[in-house]
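Before any comments, here is the structure.
The values are calculated or read from the model by the stated rules, or taken from the named source; none is laboratory data. Treat the numbers as computed from the prediction; the structure is a model and nothing was measured. Protein only, heavy atoms only, side chains kept; ligands, DNA and RNA dropped before computing areas. Shrake-Rupley method; radii C 1.70, N 1.55, O 1.52, S 1.80 Å.
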Amino acid sequence: MVWWNPRTWFSKTPEVRLVAMPVDLNPDQSRQLGRAMMRYERVKAAIRKGDKRKELVRERQKLEYLIEALKK
Amino acid sequence: MATTLNLYDQWRDTVADPARAAAVAGTLKCAIFKATYTPDQNLHDFYDDLVAASNEVTGTNYTAGGNACASPTWTGPDGAGLLTFDASDPATWLQSGTGFANGRRAIFYYDTGVSTTSRLVAFTADFGADSGNVAGDFSVAINAAGIYTSPR
């Protein structure tokens with residue numbers, strides 16, 4: 001009797017890539033606003049996901065003020 | 001001015017292992033270094049490799065070790081599977097006639113208070129010119145897309 005030994009293999013090794021983003025030196029107001037709005041969305045998402053750090057709630061508030069100020 | 005940010009290989013090594021990643025301690029900070037610091041992307045792993053005593057900028061309104069980037073967060077995955085590591089921008093270094101004028105790179109790292117255990121995260125490309133807070137405020141803003149991302 002011939003036994004067939006089944007094997008499984010990955011056709012491709014999955015990869016975890018980390019991609020660094022460029023930083024801005026002395027950004028102008030429109031870039032500051034863009035950055036603040038994106039950061040605000042992420043902080044909100046982290047809070048919604050259950051991150052209970054008080055600093056995040058404070059940061060969300062700070063970003064709200066900053067966005068208002070930058071929009072003026 | 002947009003400046004390339006590079007992750008230290010040793011940081012990727014840390015993030016790749018859940019046990020090592022969980023052990024990362026300290027405060028995420030952004031420090032400014034002079035042209036005398038030459039990054040070794042492959043081998044530098046802790047803050048002591050930067051030799052801050054001689055390579056970090058000094059001047060009024062700049063505190064050794066740099067400024068904190070509060071509330072680091074991993075968010076996502078979004079609908080396309082993108083994960084994003086982000087934090088608050090470091091506080092602006094306010095203008096001073098006796099500030100620093102020779103900053104050439106920003107370094108992101110986790111400060112534990114001990115240089116030999118403070119893990120390096122990323123370094124920017126050379127700014128291309130000496131920069132600082134002598135002529136005006138100096139700020140480093142993290143990209144709107146975050147510090148780094150992990151795509152699907």
* Show A:35, B:119 ordered by accessible area, largest first, where the area counts protein heavy atoms only and the probe is 1.4 Å. => B:119, A:35
* Structure fact -> Distribution output for the protein assembly as shown: share of Cα-Cα pairs per 5 Å bin in percent, first bin at 0, values 1, 6, 13, 18, 19, 16, 11, 6, 3, 2, 1, 1, 1, 1, 0, 0, 0, 0
* Asked: Over chain B, what relative contact order in percent results from Cα pairs under 8 Å that are six or more residues apart?
  -> 31 percent
* Roughly speaking, what is the stretch gain from residue B:64 to residue B:19, that is 0.36 nm per residue apart minus the C-alpha to C-alpha distance, in nm to one decimal? -> 13.2 nm
* To do: Mind grabbing the accessible area of residue A:37 for me, 1.4 Å probe, Å², rounded to tens?
  => 80 Å²
* Protein-only accessible surface order, largest first, of B:140, B:24, A:57 at 1.4 Å -> A:57, B:24, B:140
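Could you order A:64, B:56 by accessible surface area, starting with the largest, using a probe radius of 1.4 Å?
A:64, B:56
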* Asked: Using alpha-carbon positions, what is the distance between the centroids of the range B:23-54 and the range B:99-140, in Å?
  -> 9 Å
* Which entries in the list A:44/A:72; A:49/A:71; A:49/B:29; A:72/B:34; A:12/A:44 go over 32 Å, if you measure between the two C-alpha atoms of each? -> A:72/B:34; A:12/A:44
* Once you've got the GNM for chain B with C-alpha springs shorter than 10 Å, pick whichever of B:19, B:80, B:31 has the biggest mean-square fluctuation. => B:80
* Structure fact -> Taking N as the number of residues in the range B:70-144, the ratio of its alpha carbon radius of gyration to 2.2 N^0.38 Å works out to 1.36
* Asked: Taking springs between alpha-carbon atoms closer than 10 angstrom, which of B:72, B:90, B:18 fluctuates most in the Gaussian network model of chain B?
  -> B:18
* To the nearest 10 Å², what's residue A:41's accessible area with a 1.4 Å probe? -> 100 Å²
* **Candidates B:33, B:100, B:85: whichever shows maximal mean-square fluctuation once chain B is modelled as a Gaussian network with Cα springs under 10 Å** => B:85
